[in-house]
1. On C-alpha positions alone, give me the angle between the axis of helix 167-209 and the longest principal axis of the chain, in degrees, nearest 10.
2. Determine the calculated [θ] at 222 nm for the chain from helices alone, applying -39500 (n - 2.57) to every DSSP H run no shorter than 4 residues and normalising by the residue count; nearest 500 deg cm²/dmol.
3. Mean shadow of region 5-250, computed from the convex hull of its alpha carbons, in nm²?
4. Mean separation of Cα pairs under 8 Å and 6+ residues apart, divided by the residue count of region 5-250: what relative contact order is that in percent?
Amino acid sequence: MHIHLPAISGLILTYLLVFARVGAMVMLLPAIGEMGVPSRVRLLLALAISVALAPTVQGAYPATAPATTVGLVILIGQEITAGILVGAMARIIMSALSVAGFLIASQIGLSYAQTIDPTQNTQGAVVGNFMTLLGTVLIFATDLHHLAIGAIAGSYRMLPPGGHLPTSDMLQLVIRLVSSSFALGFQLAAPFLVFGFAVYAALGVLAKLMPQLQVFFVAVPVNILAGFVVMLALLGAMMTLFLNYYTTSMGVFL
């Protein structure tokens with residue numbers, strides 16, 4: 001296969017580079033970029049976003065292709081890296097719900113209930129999978145998935161085409177997002193950690209007062225039931241806090 005660089009210019013070059021950035025983002029977006037979604041659907045979505053976005057960002061790209069094939073490959077690689085950064089940000093944000101779900105499941109006695117998480121393509125606690133799926137549904141229900149498209153458009157200001165990638169800034173952004181996502185997961189699970197400490201302390205006192213009582217057989221169903229009651233009471237506030245965090249984090253590129 002021979003690539004004629006003079007023929008790749010103008011709008012054709014713009015569409016190629018925009019598709020490279022958008023396609024990398026779509027491949028990593030939660031829900032859309034999962035293996036269960038047909039590849040044709042992801043391809044059509046990436047093409048549709050590229051067609052809509054290309055006219056608005058055409059001025060950011062060079063009018064002609066680089067003189068060498070290596071230069072074109074480097075330019076495409078920079079675009080793919082920018083798209084991966086935006087898609088990975090959304091993926092890292094969703095991991096906060098997985099962390100919270102794992103901690104909650106450990107406290108209420110469901111850590112051994114493992115199921116396949118379709119959004120992470122891994123096996124995780126059933127509570128974490130439920131919270132991840134609920135968070136994904138709420139993102140689409142509240143139209144916050146538009147922030148991902150807005151982020152890919154805003155990335156042209158932070159990561160302009162043809163320039164040197166600010167690797168140090170990108171690394172700091174990823175590190176800050178990972179730490180804040182873990183902190184959010186811990187905050188979401190904090191009421192359950194306090195609840196678990198209180199329940200286990202009470203059961204320890206009960207075991208001392210009534211040694212003949214089989215505390216384990218009493219503790220497991222009570223712990224699970226009380227945990228679901230607390231989750232039912234706090235689920236709305238937890239999801240609201242997560243959606244606000246998602247909006248703030250994805251708004252970095254806007």
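Taken together, the values in this text are just the output of simple stated rules run on the coordinates, not laboratory data. The structure presented is a predicted model; accordingly, all values stated were derived computationally and were not measured.
1. Between helix and principal axis, roughly 10 degrees.
2. -26000 deg cm²/dmol
3. Numbers: hull surface 61.2 nm².
Projected over every direction and averaged, the Cα hull of region 5-250 covers 15.3 nm².
4. 23
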